[in-house]
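Take a look at the structure below.
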Amino acid sequence: MKQIVLEMIAAPSCCQELKDAAQKWLDAADPAAKKAAADALVLELKDDVAPIGHVIEFFESPLGKQKFGEERAAAMAAHAREVQAKGGKWCDCPACSAGRKILDNAALLV
């Protein structure tokens, strides 16, 4: 799990809140602190790992276009639609992909 968490933190698409929660989990030493940090990390992951429909909505929204520019936002929305068409349910960016792996194996965090 540690390696997956490190990969997620290193991903350019990983937000600061998720990086912070992941780092707290990495830094936790005793079992009680590790459990609390794992619980906090799982909550943050559930908040941040994006369903593919939300990704499409965001990149097609005025905010998505403003943040990434019309062209980049359109390309990202098109990519997300391809992921969805192939049956993907989640964002496939590096941070979300690692986050899904962590969520799928959350019991291993403690």
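Since every read-out is calculated from the coordinates, none of them should be taken as a lab result. Because the structure is predicted, anything quoted here is derived from the model rather than measured. Neighbour counts run over all protein chains shown; Cβ positions are idealised from the backbone, glycine included.
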(request) Name the residues whose placed amide hydrogens come within less than 5 Å of the amide hydrogen of TRP90, ignoring near sequence neighbours (fewer than 5 apart) on the same chain. (result) ILE52
(request) Compute the length gained on full extension between ALA40 and GLN16: take 0.36 nm times their separation in residues and subtract their Cα-Cα distance, giving the result in nm to one decimal. (result) 7.2 nm
(request) Return the whole-Å distance between the Cα centroid of the stretch 15-29 and the Cα centroid of the stretch 36-110. (result) 18 Å
(request) Return the distance in nm (one decimal) between the two label points of a simple spin-label model at GLU82 and GLN66, each offset 7 Å from Cα along Cα→Cβ. (result) 2.9 nm
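Which value, in debye to the nearest 20, describes the size of the charge dipole of the chain about its Cα centre when Lys and Arg Cβ atoms bear +1, Asp and Glu Cβ atoms bear -1, and nothing else is charged?
220 debye
If you keep only loop residues by DSSP, which trypsin sites (Lys or Arg not before Pro) in the chain have at most 13 other Cβ atoms within 10 Å of their Cβ?
Within the chain, the qualifying trypsin sites (Lys or Arg not before Pro) (loop, at most 13 other Cβ atoms within 10 Å) are LYS86, LYS89.
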